[in-house]
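So the structure is just underneath, and the comments pick up after that.
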Amino acid sequence: MSLRTVTVMRYILPLREGGSLPALAEADDAFKYVLKFRGSGHGVKMLISELLGGKIAEALGLKLPELVFANLDVDFGRTEGDEEIQDLLKFSEGLNLGMHFLSGAIAYNSGIKIDPFLASKIVWMDAFITNIDRTFNNTNLLWWHKELWIIDNGASFYFHHSWNDVDTAAKTPFRYIKDHVLLSQATLLDEADTFAKTVLNKQVFRDIVNLLPDEWLHWEGTTETPDQIREVYFRFLSTRLEHTDIFLKEAKNARG
């Protein structure tokens, strides 16, 4: 399990959505990426959520644009006229995260009916990673080549913003699942749960958390080492997989 590393060569335009201020950019491999910046208001924890959530989605067989580490040079963006963007780029020197740009993709319309098992897997995943941001107002789903693609998992793992009592956090039912855009179509949640437990396990989680680069894991206000921080995420994922009945029951109750 790995990610390619690219170097950002050209800033194309900002995508003024939410508080993270992502951007469309071109890298040295000639592909375009939607970049998420470590210097944004959500910082490296948003990048961590994107990476962990994205790799879990892939493990579940969901469609996700390729994720890459995106290196931003110290001189990049000095010619940018917008001061807000210039500051964002300045504070994002080093390793950021990019998602392959799906040219021509359109936002998913909730009126489109999809396979119930696919809907159930996505709802299960978002409850598992505690993603609060896949709602009717902001689906974070794209329709591309007649297939549904997952994007934007940065609002997941919200326990890491308080960073205390990880075991309790891992056993929360996740009440925000009631707002999920696909909940009404998720009629096979038990089947999704059974499937997820055949493809997710401690070794998969270990491989995923080991992808987190050290430079994202030096946090203010904590003396924990990068390896200790990785271990917390590993414990959260492992414990949550052992207690899926808690959030599964919440999702079923929300479906009514």
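Summary table
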{"read-out": "Counted residues, segment 232-256 - those being closer than 14 Å to VAL123 by Cβ and in contact (Cβ under 8 Å) with a residue 40 or more places away in the chain", "value": "9"}
{"read-out": "Of all residues making up segment 203-256, the number that are open to solvent by 50 Å² or more (accessible area, probe 1.4 Å) and closer than 17 Å to GLY54 by Cβ", "value": "3"}
{"read-out": "Residues that are of a type in the set (Val, Ile, Thr) and within 16 Å of the chain's Cα centre (by Cα), drawn from segment 208-245", "value": "ILE208, VAL209"}
{"read-out": "Within segment 142-157, considering residues that are touching a strand residue (DSSP E or B) at 6+ places or on another chain (Cβ under 8 Å) and farther than 16 Å from LYS55 by Cα, the one least open to solvent (accessible area, probe 1.4 Å)", "value": "LEU148"}
{"read-out": "Set VAL123, VAL166, VAL181: member being at pLDDT below 95, farther than 18 Å from PRO65 by Cα and among the β-branched types (Val, Ile, Thr)", "value": "VAL166"}
{"read-out": "Test result for LYS45, basic (Lys, Arg), in contact (Cβ under 8 Å) with a residue 24 or more places away in the chain and buried (at least 17 other Cβ atoms within 10 Å of the Cβ)", "value": "yes"}
{"read-out": "Residues being in a loop (DSSP other than H, G, I, E, B) and among the charged types (D, E, K, R) - total across segment 211-256", "value": "2"}
{"read-out": "Some residue of segment 224-231 being in contact (Cβ under 8 Å) with a residue 40 or more places away in the chain, within 30 Å of ARG38 (Cβ to Cβ) and not hydroxyl-bearing (Ser, Thr, Tyr)", "value": "no"}
{"read-out": "Scope segment 131-189; condition part of a loop (DSSP other than H, G, I, E, B), charged (D, E, K, R) and out of contact with any Lys or Arg (no Cβ under 9 Å at 6 or more places or on another chain); matching residues", "value": "ASP133, ARG134, LYS146, ASP165"}
{"read-out": "Selection from segment 9-39 of residues that are closer than 18 Å to ASP75 by Cα and either assigned to a loop (DSSP other than H, G, I, E, B) or open to solvent by less than 10 Å² (accessible area, probe 1.4 Å) (or both)", "value": "ALA23, ALA25, ALA27, ASP28, LEU35, PHE37, ARG38, GLY39"}
{"read-out": "Those residues of segment 170-189 which are surrounded by fewer than 19 Cβ atoms within 10 Å (Cβ to Cβ) and closer than 15 Å to LEU237 by Cβ, in sequence order", "value": "LYS171, THR172"}
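The values are calculated or read from the model by the stated rules, or taken from the named source; none is laboratory data. Nothing here was measured: the structure is a model prediction, and the numbers come from that model. We place every Cβ from the backbone using ideal geometry, glycine too, and count neighbours over all the protein chains shown. Quick note on the areas: whole protein, heavy atoms, side chains included, nothing else; ligands and nucleic acids left out. Shrake-Rupley method; radii C 1.70, N 1.55, O 1.52, S 1.80 Å.
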